[in-house]
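FYI, it's all coordinate maths here, none of it is from the lab. All values reported here derive from a predicted model rather than from experimental measurement. Methodologically, a virtual Cβ is constructed for each residue, glycine included, from the backbone with ideal geometry; neighbour enumeration extends over all protein chains shown.
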Ligand SMILES: Cc1cc2nc3c(=O)[nH]c(=O)nc-3n(C[C@H](O)[C@H](O)[C@H](O)COP(=O)(O)O)c2cc1C
């Protein structure tokens, strides 16, 4: 039986390689019988405690509900200046202030794509650190760091690298097993 996975992309741009990679997660996930939905973080305002005091913005509440409802979450994000993109960190900061903080105990997988050779490794370890404070349950392996992304996706956003597709399949297998271990049904 499949699980319900929420995919969160750390890039807002239309031609994002990470969005393309998330689309492959959706394709491979569906093959494995998982239900995968994606989150929209582009309407989340900049974190401001005064704004929070007047009520959580709708986009934050919606994302919080999506995280809470999912069996597992997968982040697919670029690396910006050796770390987590501000838009993604901002979304996480908002979620972390919600009552019943929804990442607590949640199985989470991380992957990312960049044009450089290191394929978001530094971002991934910063994101893992953030997930510790959120009390999430990050999956250790496999690690998927898609380097030279511009050579692996074509102009239509299709992945032309079998090894990367195979790794994404393995990541989903592992996330499924990890979720079953943490949330036996
Ligand atoms: C502000 C900024 C900082 C960046 N810093 C890094 C970096 O530290 N490491 C890296 O590999 N690529 C870096 N890049 C290049 C991104 O990997 C590249 O723009 C990538 O295509 C972004 O992901 P996307 O295609 O999903 O939008 C940076 C790009 C921007 C805009």
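For region 78-110, which positions are assigned to a loop (DSSP other than H, G, I, E, B), within 11 Å of the ligand (Cβ to nearest atom) and in contact with a helix residue (DSSP H, G or I) (Cβ under 6 Å, 6 or more places away or on another chain)? Lay out the reasoning, then the answer.
Keep residues of region 78-110 that are assigned to a loop (DSSP other than H, G, I, E, B), which gives 78-79, 81-82, 84-85, 97-106.
Next, from what is left, pick out any that are within 11 Å of the ligand (Cβ to nearest atom): 78-79, 81-82, 84-85.
Within region 78-110, 78, 79, 82, 84 meet the criteria.
Report every pair of residues separated by at least 6 positions or lying on different chains whose Cβ atoms are under 9 Å apart, first residue within region 26-55 and within 13 Å of residue 5 (Cβ to Cβ), second exposed (fewer than 10 other Cβ atoms within 10 Å of the Cβ).
From residues that are within 13 Å of residue 5 (Cβ to Cβ), the pairs are 33/1.
Check residue 155 against each of (1) out of contact with any helix residue (DSSP H, G or I) (no Cβ under 9 Å at 6 or more places or on another chain); (2) closer than 29 Å to residue 68 by Cβ and name the one condition it does not meet.
Going through (1) out of contact with any helix residue (DSSP H, G or I) (no Cβ under 9 Å at 6 or more places or on another chain); (2) closer than 29 Å to residue 68 by Cβ one by one, residue 155 breaks only (2).
Taking residue 122 as meeting all but one of (1) near the ligand (Cβ under 10 Å from one of its atoms); (2) assigned to a loop (DSSP other than H, G, I, E, B), write down the number of the exception.
(2)
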